[in-house]
Amino acid sequence: MRIGDRDLQALSDFLGSKRYFLGDQPTTLDAVAYGMLVQLIRIPLFTAPIFDKAKSYQNLVDYTERLHRAYFNASG
């Protein structure tokens, strides 16, 4: 849990208030980050402390939702 939280904190810190990790356009890093974060933030089938922790980083939640809407489901 501590390792996972440190990873989430690092992602949250690096993303900050940016739209994408490396600027104004998505890159491969965003595709990889989304692939990992979506499993923690958007998939409601499982419960565990790491899922709750991921959801506590609002910028990561917003980022994941933004990418999901843009590329996978325009209606949410």
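Please treat every number below as a calculation from the coordinates, not as lab data. What you see is a predicted model, and the numbers here were worked out from it, not measured in a lab. Reconstructed Cβ throughout: ideal geometry from the backbone, glycine too, with neighbour counts over all protein chains shown.
A few points about this structure:
- Highest GNM mean-square fluctuation among Asp24, Asp52, Asp13, for the chain modelled with Cα contacts below 10 Å: Asp24.
- Taking all Cα pairs closer than 8 Å and separated by 6 or more residues, the relative contact order of the chain comes to 33 percent.
- Given R0 = 25 Å, the distance between the Cβ atoms of Ser17 and Thr47 translates into a calculated FRET efficiency of 0.30.
- 222 nm mean residue ellipticity, helices alone, for the chain (DSSP H n ≥ 4; -39,500 (n - 2.57); rounded to 500): -20000 deg cm²/dmol
- Relative exposure of Ser56, Ser12, Ser17, judged by other C-beta atoms within 10 Å (fewest first): Ser17, Ser56, Ser12
- Using the Cβ-Cβ distance between Met1 and Leu29 with R0 set to 30 Å, the FRET efficiency works out to roughly 0.75.
- Karplus-based coupling profile of region 61-71, in residue order and whole Hz: 4, 4, 4, 4, 5, 4, 5, 4, 4, 5, 10, with θ = phi - 60° in 6.51 cos²θ - 1.76 cosθ + 1.60 and x standing for Gly or Pro.
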